[in-house]
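Reviewing the structure listed below.
Coordinate-derived values only; no laboratory data. Predicted model, so just to flag it, every value in this text is computed and none were measured. Ideal geometry is used to build each Cβ from the backbone, glycine not excepted, and the neighbour counts take in all protein chains shown.
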2 protein chains.
Amino acid sequence: MKIGELARESGLAPSRIRFYEREGLIGSIDRGLNGYRQYSRETRQVLEIIVMAQQAGFSLDEIRNLLPPHGKGDWSKDKLVAALKKKVIELAALQRRLSETQAGLEAVIARIEATPPGGDCFENAEAVLADLRDQSKPVDEIGQFVPAKTVA
Amino acid sequence: MKIGELARESGLAPSRIRFYEREGLIGSIDRGLNGYRQYSRETRQVLEIIVMAQQAGFSLDEIRNLLPPHGKGDWSKDKLVAALKKKVIELAALQRRLSETQAGLEAVIARIEATPPGGDCFENAEAVLADLRDQSKPVDEIGQFVPAKTVA
DNA sequence: CTTGAAATTAAAGTTTACTTTAAGGTTAGG
DNA sequence: CCTAACCTTAAAGTAAACTTTAATTTCAAG
């Protein structure tokens with residue numbers, strides 16, 4: 001599979017795929033005699049995980065550390081299981097982050113919809129934001145809202 | 001309230017608050033005789049909403065359009081609520097996909113760990129990857145995974 | 001054999017979201 | 001009164017995540 005095909009299938013631009021390779025997110029891939037990159041189907045899964053993780057707010061740097069080390073094909077059963085389990089843990093991390101984001105958004109929606117039609121925007125803001133603060137943890141103990149601590 | 005105090009309370013750098021003002025996310029604020037910015041308590045709430053929305057994946061540009069027109073008063077909350085709800089739906093969809101992927105992975109792990117120790121590693125790996133492809137449904141109807149359409 | 005689509009590289013450019021710097025004016029404490 | 005901490009501005013700098021450009025090379029069709 002050449003880069004153009006992979007690009008079509010994944011929906012990512014070829015430049016982006018090459019960029020991920022330069023950045024070490026995709027392991028060294030095979031080259032044909034002509035120097036063209038030859039991808040396996042596995043690469044598509046990797047790209048998908050990268051995109052998903054990005055959508056959940058992970059930086060490429062974090063993703064690089066989450067992805068299993070792409071040492072080539074000595075795939076023993078144990079290593080395969082270990083890699084998959086690691087992936088499950090990664091997915092759980094993604095889910096946690098998504099849940100937090102979603103909970104925060106829903107709280108904000110609830111508050112806005114609870115505002116009386118003619119009312120001042122921030123009349124009861126204080127109370128609801130306090131709720132938000134109690135439920136999840138968008139603030140630290142000093143009372144500042146934390147800048148999205150990226151979770152490795 | 002001067003900028004330093006607001007910065008301490010919100011946890012945002014003064015430069016960042018001034019930046020948001022330049023970008024039109026915070027309305028025109030009062031100035032003292034000395035030219036110092038004088039903030040009201042409302043501004044803190046606005047800053048918190050900005051941070052919240054950022055964590056949910058909104059760009060500053062999108063946020064600017066969601067926030068009340070700071071010329072005068074009423075914030076048409078319908079637009080804001082609609083956008084936020086749309087975002088929640090997106091997040092839910094993302095989470096469903098993650099769940100499916102995770103469930104698939106766990107099933108695959110269980111299968112591998114149940115295989116008798118005599119098996120061929122590569123045969124196994126092949127089957128595992130096939131499972132992964134079939135079980136998770138990470139693609140849209142064209143077969144691409146969608147690149148997180150940011151919603152205004 | 002020629003032509004156009006697709007591949008390669010290195011390097012430079014873009015956007016977003018800030019921060020830092022430089023050069024100053026203001027204010028509170030000792 | 002002096003000094004340090006805080007405020008002001010415009011402008012330049014930075015980091016992340018890509019994309020675009022330019023200058024080739026290669027492949028596939030007619």
Next on the checklist: Distances in nm, one decimal, shortest first, from residue B:65 to the same residue in every other copy, taking the label point 7 angstrom along Cα→Cβ.
Outcome noted: 3.5
Item to check | 10 Å Cβ neighbours from other chains, averaged over peptide A:107-113 | outcome: 5
Checklist entry - Treating the beta-carbon of each Lys and Arg as +1 and of each Asp and Glu as -1, no other charges, what is the dipole magnitude of segment A:1-58 about its Cα centre, to the nearest 20 debye? => result 180
Checklist entry - When Cβ neighbours within 10 Å are restricted to other protein chains, what is their mean count per residue of peptide B:42-55? => result 5
Next on the checklist: Defining the label point at 7 Å along Cα→Cβ, can you sort the distances from residue B:24 to the same site in each other copy, shortest first, in nm?
Outcome noted: 4.2
Checklist outcome for this item: Lys and Arg at +1, Asp and Glu at -1: neighbours of residue B:7 with Cβ under 14 Å from its Cβ sum to +2
Checklist entry - Which order do peptides B:19-30, B:3-14 fall in by mean Cβ count within 10 Å, highest first? => result B:3-14, B:19-30
